1. Does Ile104 satisfy the criteria of being more than 21 Å from the chain's Cα centre (by Cα), within 26 Å of Val20 (Cα to Cα), modelled with pLDDT of 95 or more and of a type outside the set (Ser, Thr, Tyr)?
2. Among the residues of segment 1-57, count how many are among the small types (Gly, Ala, Ser), in contact with a helix residue (DSSP H, G or I) (Cβ under 7 Å, 6 or more places away or on another chain) and closer than 30 Å to Lys82 by Cα.
3. Checking the structure you have, find out if any residue of segment 63-71 is at pLDDT below 95 and in contact with a Ser or Thr (Cβ under 8 Å, 6 or more places away or on another chain).
4. Which fully enclosed strands (runs of 3 or more DSSP E) of segment 1-115 have 1 or more residues being without any contact (Cβ under 8 Å) to a residue 12 or more places away in the chain and among the aromatic types (Phe, Trp, Tyr)?
5. Specify the residue that is nearest to the chain's Cα centre (by Cα); the eligible residues are those in segment 63-101 that are under 20 Å from Tyr46 (Cβ atoms) and among the charged types (D, E, K, R).
6. Tell me, which residue of segment 15-65 that is more than 26 Å from Gln110 (Cβ to Cβ) and of a type in the set (S, T, N, Q) is surrounded by the fewest Cβ atoms within 10 Å (Cβ to Cβ)?
7. Just one of the numbered conditions (1) in contact with a Ser or Thr (Cβ under 8 Å, 6 or more places away or on another chain); (2) surrounded by 15 or more Cβ atoms within 10 Å (Cβ to Cβ); (3) modelled with pLDDT of 95 or more is not true of Phe9; which one?
Amino acid sequence: MIAKAEGKFLRLSPSKVRLVLDLIRGKDAGTAEAILRTINKRPKEYLIKILRSAIANAKIKGFQVDKLYVSKIVANPGPVWKRFKAAAFGRAASIRKRTVHIKIELDLKQESIIHGT
């Protein structure tokens, strides 16, 4: 792991975020950002922000962006906001507003480690 970034307590469903994560897992950092810019899903805004933060963290450490790839990316469930709405016959139906913690880790490509650059 060269650099990492996290986004916590985001108001997204973890299952819906994982659909987008599968598209960029294992891709180059630049390619992953290009993929996220072109898809039409709500989690993309949060993922672009977190990915750019991880890239900036790697730049601060002195690594080049074109040699990085997304080595690990996970979407873990966060706390659930519990709400209720009125239902028929005086009952209450529960509403579960889910949150997610997204973690992105960047690492160097294998060929750059072998050649020592």
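The values are calculated or read from the model by the stated rules, or taken from the named source; none is laboratory data. Computed from a predicted structure; not experimentally measured. Ideal geometry is used to build each Cβ from the backbone, glycine not excepted, and the neighbour counts take in all protein chains shown.
1. Numbers: more than 21 Å from the chain's Cα centre (by Cα): no; within 26 Å of Val20 (Cα to Cα): yes; modelled with pLDDT of 95 or more: yes; of a type outside the set (Ser, Thr, Tyr): yes.
It is false that Ile104 is more than 21 Å from the chain's Cα centre (by Cα), within 26 Å of Val20 (Cα to Cα), modelled with pLDDT of 95 or more and of a type outside the set (Ser, Thr, Tyr).
2. Here is the first cut: in segment 1-57, the ones among the small types (Gly, Ala, Ser) are 3, 5, 7, 13, 15, 26, 29-30, 32, 34, 53-54, 56.
Next, from what is left, pick out any that are in contact with a helix residue (DSSP H, G or I) (Cβ under 7 Å, 6 or more places away or on another chain): 3, 5, 7, 29-30, 32.
Retained after the next criterion (residues that are closer than 30 Å to Lys82 by Cα): 5, 7.
Selection size over segment 1-57: 2.
3. Yes, there is a match, as at least one residue in segment 63-71 is at pLDDT below 95 and in contact with a Ser or Thr (Cβ under 8 Å, 6 or more places away or on another chain).
4. On the way: elements: 3-10, 68-77, 81-86, 92-97, 100-108.
Per the criteria, 81-86.
5. Lys72
6. It comes out as Asn40.
7. If we test Phe9 against (1) in contact with a Ser or Thr (Cβ under 8 Å, 6 or more places away or on another chain); (2) surrounded by 15 or more Cβ atoms within 10 Å (Cβ to Cβ); (3) modelled with pLDDT of 95 or more, just (2) comes out false.
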